[in-house]
Structure formats: structure tokens, C-alpha cells
Amino acid sequence: MLLRTHIFLKRYAGLFIKTFGCLILCIVLLGCGSPNKQYLLQIAPPVCEETSLRALDAPVLVLRDFSTMPGMDRTAVFLANNNVIQPSTTWYWEGNPAEVMTQAVNDRLACEGPYRITWPYRGRSEHAAVLHGRVREFQITRGQRPVFTLRLSVELWSPRERELLGKKTIRANAEAETLSPQSAAKAASQAVADATGQIATWLEETRGLVLE
């Protein structure tokens with residue numbers, strides 16, 4: 001009887017030690033895998049002056065949500081080294097690149113360009129054209145002077161998206177003072193402001209294709 005009790009206690013103690021060890025290992029791994037700090041990098045929208053508000057009789061432009069490649073469909077900041085990009089484990093945008101650019105383009109076109117903007121589109125209002133966009137690059141290149149790089153493809157479509165009226169590639173770069181969250185956010189804001197300004201100018205230039 002004593003021998004059986006001794007064997008049982010020995011087995012129980014061994015199982016307890018193994019279970020406790022696995023629990024400690026899991027805690028250590030989870031602690032090491034989780035970043036201590038996470039930064040939310042906010043991209044400042046362009047300033048909209050009071051005199052730049054669109055007239056109520058201006059034609060309506062529908063803004064579709066921008067898209068991007070599946071690998072870029074995340075909020076982590078991408079750090080680039082030549083042709084390789086790697087998502088950061090500590091720096092994050094407010095949304096993925098497509099969401100960030102959709103919001104930024106909407107904010108810019110509410111101030112500039114020949115149209116009143118409808119976003120998100122509910123499928124009920126009349127409109128003169130539709131704007132599509134796709135984010136191709138949205139990253140910070142490592143180096144002595146880091147650079148934020150942005151590349152977009154935009155397309156202008158007729159109402160109901162039956163005819164392609166024009167398309168354009170938008171590029172913008174901005175140097176960052178250092179590879180830090182604050183500097184990266186500032187450089188990204190500059191590049192986004194430049195890119196959205198280019199879109200507004202392009203829409204002004206192609207206005208005749210829409211309203212002819």
C-alpha cells in the first residue's frame with residue numbers, strides 16, 4: 001500500500017512539475033513576443049481654409065475606398081531595405097495604407113479640386129465621376145537619412161463606372177530626420193499632403209473629360 005502511494009505521489013509530482021514548467025515557458029514566450037511599447041503614428045490631414053469649401057452646385061465625385069496588396073493590408077509601419085520590406089513590431093498607423101489614403105484623399109478633395117466629394121457612397125446620389133485608387137508603396141526606407149516613399153495608382157471613371165476617363169501614377173517622397181516614430185510621422189504627413197495635392201491638381205486638369 002505504501003509502495004503504491006509512493007509511486008502515485010511521484011507520478012503526480014512529476015506531472016505537476018511538467019505542467020508548471022510549461023506554464024512558465026508560455027508566460028516567458030508571450031512576454032518576449034509582445035512589444036513593450038507601441039506607437040500610433042498619426043498622419044496630419046491638410047488644412048482646409050474656409051474660402052476653399054465647395055459650392056453646393058459643384059458636380060459630385062464619388063470616392064471609392066482605396067485598395068492595396070494583401071501583404072500591405074495591415075497597420076504596421078513598413079521598413080524597407082532595397083527591395084525587401086518588413087513590418088515593424090512596435091510602430092503602427094491608425095489604419096492600413098489603403099484606409100489612411102482614402103481618408104487623406106477625402107480630406108484634401110473636400111478643400112481642393114472641382115468636385116463635391118461623396119464618401120462613403122451609398123448608391124443613391126447622382127454623380128459626375130468616380131475616383132478609384134490603389135496603394136503601391138507606403139514605407140520608410142532605412143539609411144543615414146530615412147525616406148518615406150508613397151506611390152499610388154488613381155483612375156477616373158464615368159458615372160456607374162462604365163468608361164475609364166483617365167488614370168495616373170502619383171509619387172511622393174519625404175526625408176525623415178531620424179528613424180523614429182515622430183520623424184516618420186512628419187515625413188509621412190509631408191508625402192501624403194504632396195500626393196493628395198497632386199490628385200486634386202490632376203482632377204482639375206481632367207475636368208473637361210468629365211463635364212464635356
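General observations
- Any chance Pro120 is within 20 Å of the chain's Cα centre (by Cα), surrounded by fewer than 16 Cβ atoms within 10 Å (Cβ to Cβ), within 14 Å of Val62 (Cα to Cα) and not basic (Lys, Arg): yes
- Close contacts from the range 108-136, counting a first residue that is without any contact (Cβ under 8 Å) to a residue 40 or more places away in the chain and a second that is open to solvent by 40 Å² or more (accessible area, probe 1.4 Å) and among the acidic types (Asp, Glu), with Cβ to Cβ under 8 Å and a gap of 6+ residues or different chains, come to none at all.
- Considering residues of the range 104-162 that are β-branched (Val, Ile, Thr) and in contact with an Asp or Glu (Cβ under 8 Å, 6 or more places away or on another chain) only, the residue farthest from Leu79 (Cα to Cα): Val130
- Contacts under 8 angstrom Cβ, first residue in the range 184-212 being more than 26 Å from Tyr92 (Cα to Cα) and modelled with pLDDT under 95, partner surrounded by fewer than 17 Cβ atoms within 10 Å (Cβ to Cβ) and not hydrophobic (A, V, I, L, M, F, W, C), 6 or more apart: Thr206/Gly166; Leu209/Gly166; Val210/Pro59; Val210/Ser158; Leu211/Pro59
- Output for the range 57-90, where each listed residue is assigned to a strand (DSSP E or B), touching a residue at least 40 places away in the same chain (Cβ under 8 Å), closer than 22 Å to Thr169 by Cα and open to solvent by 40 Å² or more (accessible area, probe 1.4 Å): Ser67, Ile85
- From Glu126, Glu99, Glu137, residue being on the phi < 0 side of the Ramachandran plot, modelled with pLDDT under 95 and either assigned to a strand (DSSP E or B) or of a type in the set (D, E, K, R) (or both): Glu126
- Qualifying positions in the range 137-148 - over 17 Å from the mean Cα position of the chain (by Cα) and without any contact (Cβ under 8 Å) to a residue 60 or more places away in the chain: Gly143, Gln144, Arg145, Pro146
- Filtered residue count, the range 150-182, keeping only those that are open to solvent by less than 60 Å² (accessible area, probe 1.4 Å), over 15 Å from Leu63 (Cβ atoms) and assigned to a helix (DSSP H, G or I): 1
- Looking only at residues of the range 149-178 that are in contact (Cβ under 8 Å) with a residue 24 or more places away in the chain and small (Gly, Ala, Ser), we find that the one that is nearest to Thr196 (Cα to Cα) is Ala172.
- The range 91-101, residues that are open to solvent by less than 90 Å² (accessible area, probe 1.4 Å) and farther than 16 Å from Arg151 by Cβ: Trp91, Tyr92, Trp93, Gly95
The values are calculated or read from the model by the stated rules, or taken from the named source; none is laboratory data. The shown structure was predicted, so the numbers you read here are calculated from the model rather than taken from an experiment. No Cβ is skipped: glycine too gets one built from the backbone with ideal geometry, and neighbour counts run over all protein chains shown. Just so you know, the surface numbers come from the protein's heavy atoms only, side chains and all, with ligands and any DNA or RNA stripped out. Shrake-Rupley method; radii C 1.70, N 1.55, O 1.52, S 1.80 Å.
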